[in-house]
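The block underneath contains the structure these notes are about, expressed in C-alpha cells.
The values are calculated or read from the model by the stated rules, or taken from the named source; none is laboratory data. Predicted model, so just to flag it, every value in this text is computed and none were measured. Neighbour counts are summed over all protein chains in view; Cβ atoms, including those assigned to glycine, are modelled from backbone coordinates with ideal geometry. The area values use the complete protein model at the heavy-atom level, side chains included, leaving out ligands, DNA and RNA. Shrake-Rupley method; radii C 1.70, N 1.55, O 1.52, S 1.80 Å.
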Amino acid sequence: MMKEILYKSTRSTEGTLKASEAILKGLADDGGLFVPLEIPALDVTVEELSKMTYQQVAYEVMKLYFTDFTEEELKNCINNAYDSKFDTEEIAPLAEVEGTYFLELFHGKTIAFKDMALSILPHLLTTSAKKNGVKNEIVILTATSGDTGKAAMAGFADVPGTRIIVFYPNGGVSPIQEKQMVTQKGDNTYVVAIEGNFDQAQSAVKAIFGDKELAKEMDEKGFQFSSANSINIGRLIPQVAYYVYAYAKLFAEGKVSKDQKINVVVPTGNFGNILAAYYAKNMGLPIDKLICASNENRVLYDFFTTGEYDKNREFILTNSPSMDILISSNLERLIYRIAGDDAEANKKMMEELSKDGKYSITPEMKAKLADFYGNYASEEETAAIIKKIYEETGYVMDTHTAVAASVYEKYKKETKDDNVTVIASTASPFKFTRSVMNAIDPKYDSMGDFELVDELSKIGNVKVPNAIEEIRNAEIRHNNLCEVAGMKDIVKKFLGM
Ligand SMILES: *Cc1c(COP(=O)(O)O)cnc(C)c1O
C-alpha cells in the first residue's frame with residue numbers, strides 16, 4: 001500500500017484534506033495554498049523510469065501525491081490528457097542545442113507549457129467531484145497573463161459539468177495570444193479583457209473566490225468555484241512529472257550516469273514551474289541548482305539576492321508577457337517550507353505582502369535557498385540570445401525560453417559550473433512570432449502577423465503548429481471589456497444570476 005498523502009493550507013495549523021478535496025477547493029478558505037504534509041520519495045529507479053513512456057512516468061509521480069485516486073482513475077486522467085492533442089508521442093521532447101538540453105513543453109494544444117498541466121486538470125477535477133459526491137456545476141475562474149487562459153479553456157471547453165471564465169489584461173498579451181482566446185469555442189467558455197494589469201486581475205479573482213456571500217448564492221443556484229490557476233495542486237503536481245521524465249530521458253540516452261546531478265533553468269513568473277522542479281528534487285531526483293530566470297520584472301531575482309520580497313515597483317510590459325508578474329503566488333509554498341512548515345510565520349509574511357507589498361525572510365530561511373540561483377535578463381539580452389542561438393544553430397526559441405537561456409549564460413560565466421543542464425522551454429516561438437522575428441532581424445517588423453508565421457516556418461525549418469493554423473481564419477466569438485471593479489458582476493451575469 002502506498003502511503004497516504006494529505007494536504008493542508010500554508011496559512012493554518014489544522015485541517016487536512018485528501019488530494020481530491022484539495023484539487024476541488026483550489027485555494028484554502030484562509031487564503032493559503034494547499035501543500036502536501038510531506039513530499040513523497042520516488043519509489044522507482046532511474047533505470048526503470050528510463051524505459052517508460054511519458055504517461056507511465058507521469059503515473060509514477062502522480063500516484064505518490066494523489067493517493068485517494070484509484071489506479072484506474074488516475075490512469076484514465078493521464079491517458080485522457082496526454083494523447084494525440086500533443087503533436088509528438090514523446091509529449092515533452094528534449095532538444096540538444098550546443099550541449100544544453102531544451103525540454104520542449106510546448107507540444108500541446110495551445111503550444112505553451114501550461115498545456116502540460118491544464119490538459120489533465122479538468123479530468124482531475126471532474127474525477128474529484130465524482131469522488132466527493134459534488135452535484136454543483138464547477139465554475140473555473142482564471143486570471144491570465146496570456147497562456148493560462150487559453151490553455152485552461154482548451155482543457156475545459158465542452159467538458160460536461162464545468163464552466164470557465166477567463167480574464168486577461170487588455171493590451172497585456174500578444175496579438176496571437178489574444179486571437180487564440182477570443183476565438184475560443186465551447187458554450188461553457190467566456191473571455192473578458194479587463195482594464196488593468198495581470199496582478200490586478202489575479203487579486204480580483206482571489207477576492208471573488210474568497211467572497212463567502214457570493215459562494216452561498218452560487219451554491220443555491222447549483223454552482224461552485226474552483227481554480228485552474230497555478231495555485232491548484234492539481235496543476236502543480238503534473239508539472240513535477242516532466243522533470244522526472246527529462247532526467248530519465250537523459251539517462252536513457254547516456255547523457256548522464258546514475259545519480260549524476262543536473263541543473264534546471266526555468267523562466268519564471270508565478271513560480272509554479274520552478275516549484276515543480278523543487279518538488280522533483282525533494283522527491284530524490286538528482287537536481288543540483290534550480291536556476292530561476294526573470295525578465296525585467298525582477299522581483300524574484302531581488303528576493304533571492306536580498307531575502308526581501310518587494311512588489312512596490314514599476315510594472316514593466318515585456319516581450320515575455322507570461323512572466324510579467326510582481327506577485328509570484330506559488331512562492332508561498334516555498335516560503336512555507338523554508339519556514340520549517342510554519343503556517344503562522346508564513347501567514348504573517350503573506351499578510352505583510354498584502355498590506356505593505358513586501359516582507360523579509362529570516363537569515364535561517366535564506367540559508368535554505370542555497371539550491372536556488374536567481375538572475376534576470378533585460379529585453380535587449382533576451383532578443384540578443386534568440387538571434388545568437390538562431391544564427392549559430394538554426395534553433396529558434398521563444399522570448400520566455402530566451403530569458404532562461406540568457407540567465408543560464410550569466411550563471412555559467414559567473415560560476416563556471418558545467419553540470420548537464422536542462423532549460424524549460426515554455427512556449428513555441430510561433431506563439432510570440434513578432435517578438436521572436438524582430439529579435440532575429442528588425443526588417444521583419446513590417447510584415448503582418450500570419451506572414452511572419454510563414455516566414456518563421458521557413459527560416460526555422462519547422463512546420464506551422466496546428467494551434468496557429470486553426471486561428472488564421474477563425475471567427476471571433478468573444479468581445480468583452482470591463483473594469484477590475486466590474487469583474488464580480490460579469491461572473492454573475494455569465495452564470496445567469
Ligand atoms: C506561465 C508561463 C511562464 C511562467 O511560469 P510560472 O509557472 O508562472 O513561473 C513562463 N513561460 C511561459 C510561456 C508561460 O506561459
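From the residues in the range 189-209 that are open to solvent by 30 Å² or more (accessible area, probe 1.4 Å) and part of a strand (DSSP E or B), which one is nearest to Y65 (Cα to Cα)?
Initially, the range 189-209 is screened for residues open to solvent by 30 Å² or more (accessible area, probe 1.4 Å), giving 190, 195, 197, 200, 203, 206-207, 209.
Checking which are part of a strand (DSSP E or B) leaves us with 190, 195.
On the way: Y190: 32, E195: 39 Å.
Ranking the candidates gives Y190 first.
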Problem - Close pairs from the range 111-123: first within 10 Å of the ligand (Cβ to nearest atom) and assigned to a strand (DSSP E or B), partner of a type outside the set (D, E, K, R) and open to solvent by 10 Å² or more (accessible area, probe 1.4 Å), Cβ under 6 Å, at least 6 apart - result: A112/F106
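Suppose we filter A215, A276 for residues that are small (G, A, S) and within 24 Å of S406 (Cβ to Cβ); which single one remains? It would help to see each step written out before you state the result.
Working: A215 fails: within 24 Å of S406 (Cβ to Cβ).
One residue alone meets the criteria, A276.
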Handout entry: Conditions (1) open to solvent by 40 Å² or more (accessible area, probe 1.4 Å); (2) in contact with a strand residue (DSSP E or B) (Cβ under 6 Å, 6 or more places away or on another chain); number of the one not met by N473
Key = (2)
Exercise for the section: Specify the residue that is farthest from A383 (Cα to Cα); the eligible residues are those in the range 303-320 that are part of a helix (DSSP H, G or I) and open to solvent by 10 Å² or more (accessible area, probe 1.4 Å). Expected result: T306
Fill in the blank from the handout: Of the candidates I325, I287, the one satisfying the condition of being buried (at least 18 other Cβ atoms within 10 Å of the Cβ), within 12 Å of the ligand (Cβ to nearest atom) and either β-branched (V, I, T) or within 19 Å of N232 (Cα to Cα) (or both) is I325
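So which of R337, R333 ends up being of a type in the set (K, R), touching a residue at least 12 places away in the same chain (Cβ under 8 Å) and open to solvent by 10 Å² or more (accessible area, probe 1.4 Å)? First the steps, then the outcome.
Values: R333 fails: open to solvent by 10 Å² or more (accessible area, probe 1.4 Å).
Result of the check over R337, R333: R337.
Can you tell me which residue in the range 458-484 is farthest from K185 (Cα to Cα), limited to those that are assigned to a helix (DSSP H, G or I), more than 25 Å from the chain's Cα centre (by Cα) and in contact (Cβ under 8 Å) with a residue 12 or more places away in the chain? Steps first, please.
Quick first cut of the range 458-484, residues assigned to a helix (DSSP H, G or I) only: 458-460, 466-471, 484.
Checking which are more than 25 Å from the chain's Cα centre (by Cα) leaves us with 458-460.
When the remaining residues are screened for being in contact (Cβ under 8 Å) with a residue 12 or more places away in the chain, the result is 459-460.
Values: I459: 32, G460: 30 Å.
Ranking the candidates gives I459 first.
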Fill in the blank from the handout: E96 passes all but one of the listed conditions (1) within 25 Å of N136 (Cβ to Cβ); (2) modelled with pLDDT of 95 or more; the exception is number (1)
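So for the range 412-421 (the condition being within 16 Å of the ligand (Cβ to nearest atom) and either at pLDDT 95 or above or surrounded by 19 or more Cβ atoms within 10 Å (Cβ to Cβ) (or both)), does at least one residue qualify?
Let us first name the residues in the range 412-421 that are within 16 Å of the ligand (Cβ to nearest atom), namely none.
No, the range 412-421 contains no residue that is within 16 Å of the ligand (Cβ to nearest atom) and either at pLDDT 95 or above or surrounded by 19 or more Cβ atoms within 10 Å (Cβ to Cβ) (or both).
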Exercise for the section: Can you tell me which residue among V244, V256 is among the β-branched types (V, I, T) and more than 26 Å from the chain's Cα centre (by Cα)? Expected result: V256
Fill in the blank from the handout: Of (1) part of a loop (DSSP other than H, G, I, E, B); (2) more than 30 Å from L353 (Cβ to Cβ), Q180 satisfies every one except (1)
Exercise for the section: Output the number of residues of the range 253-272 satisfying the condition of being within 16 Å of the ligand (Cβ to nearest atom) and either on the phi < 0 side of the Ramachandran plot or of a type in the set (K, R) (or both). Expected result: 8
Practice task
Considering only residues that are over 28 Å from G186 (Cβ atoms) and hydroxyl-bearing (S, T, Y), look in the range 429-456 and name the one that is surrounded by the most Cβ atoms within 10 Å (Cβ to Cβ).
Solution key: S435
Handout entry: Residue in the range 146-164 that is surrounded by 24 or more Cβ atoms within 10 Å (Cβ to Cβ) and part of a strand (DSSP E or B) present
Key = yes
Exercise for the section: From the list T127, T88, pick out the single residue that is closer than 14 Å to N466 by Cβ, open to solvent by 10 Å² or more (accessible area, probe 1.4 Å) and β-branched (V, I, T). Expected result: T88
Problem - Qualifying residue in the range 210-232 (condition: part of a helix (DSSP H, G or I), in contact with a strand residue (DSSP E or B) (Cβ under 8 Å, 6 or more places away or on another chain) and closer than 30 Å to I78 by Cβ) - result: no
